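The values are calculated or read from the model by the stated rules, or taken from the named source; none is laboratory data. As the structure is a computational prediction, the values presented were derived from the model and not from experiment. FYI the Cβ positions are ideal-geometry reconstructions off the backbone, even for glycines, and counts take in every protein chain you see.
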Ligand code: GLY
């Protein structure tokens, strides 16, 4: 509290002062270092007319000035306060309100606002409205032009559009970057990663302690005519980033087949396979004379050789994840291999029946 300001807002004729000097007096308090006055210094004394006056949260210093300016020219208090907050709603530097506000977990800016009109005891509000910069104006419109009080979500936006509000992108670059920083640092166990180097550890979902799930099936077969075909299908990695696709739908990664050579397919960490196109590699190795099992081991070794990120390696410097390959050549020979194994098997069947076949591996465990 400063005496200087306290004294300046307690005039002998309060009403006259507020009409003529409030703007200047309050403006003076919004200098580089806004001064603080006691609440009692702005309260009406008994019998006084308490206006015009406007208050706001600290980020509304220009809002109250605007509100007072409009009130001084005859505006209703509701119109005045809405016009006041509009200045902050449209300010991209204020990340708490309107345009430039920080988005929700999915990066979508959703705004809430409500208004109440004292003289008529009416209210209007919008909740989780997207794409409309001036949520407070829409809330006021709900009050004025509906029989309701609350509109939310798409309905609120549709209502705003009906009344001529433009739909705009409210996510500024500043807010987007802030959201990305939040998203990437929220967990060390999901698939959103902050900037990192080859040496970075302790981020990313791939560790032995936190196994991930890749529930994929690959199947290949030779028919009575000697033709070979294959399929790979999956729900993909559990908890993946929306939009992620794995190796399964990538020809040459999740599967590959050459009717003169054989077929190959995969399960396991798709990212490692995509970056090495291993099913294509396996078929080509079989073309060059490798057995199916040797070709699968070759692909496993290729992934090991190409895995450079420390966060993907165990304490022995080996991939902490696993990938499995399955191959069948045109002679009917089969083979499978995985990076980490010991007890792995794959299924095979002939007209005589089915069996499980042991998989080769590079590293035990
Ligand atoms: N291999 C399955 C996936 O990565 O989605």
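Can you say whether residue 96 is over 30 Å from residue 240 (Cβ atoms), part of a strand (DSSP E or B) and modelled with pLDDT under 95, as far as the supplied structure shows? So that I can check it myself, show each step before the final result.
On the way: over 30 Å from residue 240 (Cβ atoms): yes; part of a strand (DSSP E or B): no; modelled with pLDDT under 95: yes.
No.
Among the criteria (1) touching a residue at least 60 places away in the same chain (Cβ under 8 Å); (2) under 39 Å from the mean Cα position of the chain (by Cα); (3) surrounded by fewer than 24 Cβ atoms within 10 Å (Cβ to Cβ), the one residue 330 does not fulfil is (2). Scanning the range 81-104 for residues that are closer than 17 Å to residue 67 by Cα and either touching a helix residue (DSSP H, G or I) at 6+ places or on another chain (Cβ under 6 Å) or buried (at least 22 other Cβ atoms within 10 Å of the Cβ) (or both) returns 81, 82, 83, 84, 85, 87, 88, 89. Quick check: is even one residue across the range 242-250 touching a helix residue (DSSP H, G or I) at 6+ places or on another chain (Cβ under 8 Å) and more than 26 Å from residue 200 (Cα to Cα)? Yes, that holds for at least one residue.
Evaluate the following for residue 107: is it surrounded by fewer than 20 Cβ atoms within 10 Å (Cβ to Cβ) and outside any helix (DSSP H, G or I)?
yes
Which members of the range 64-80 meet the condition of being in contact (Cβ under 8 Å) with a residue 40 or more places away in the chain and either crowded, with 17+ Cβ neighbours inside 10 Å or closer than 22 Å to residue 155 by Cα (or both)? 65, 68, 77, 78, listed by residue number.
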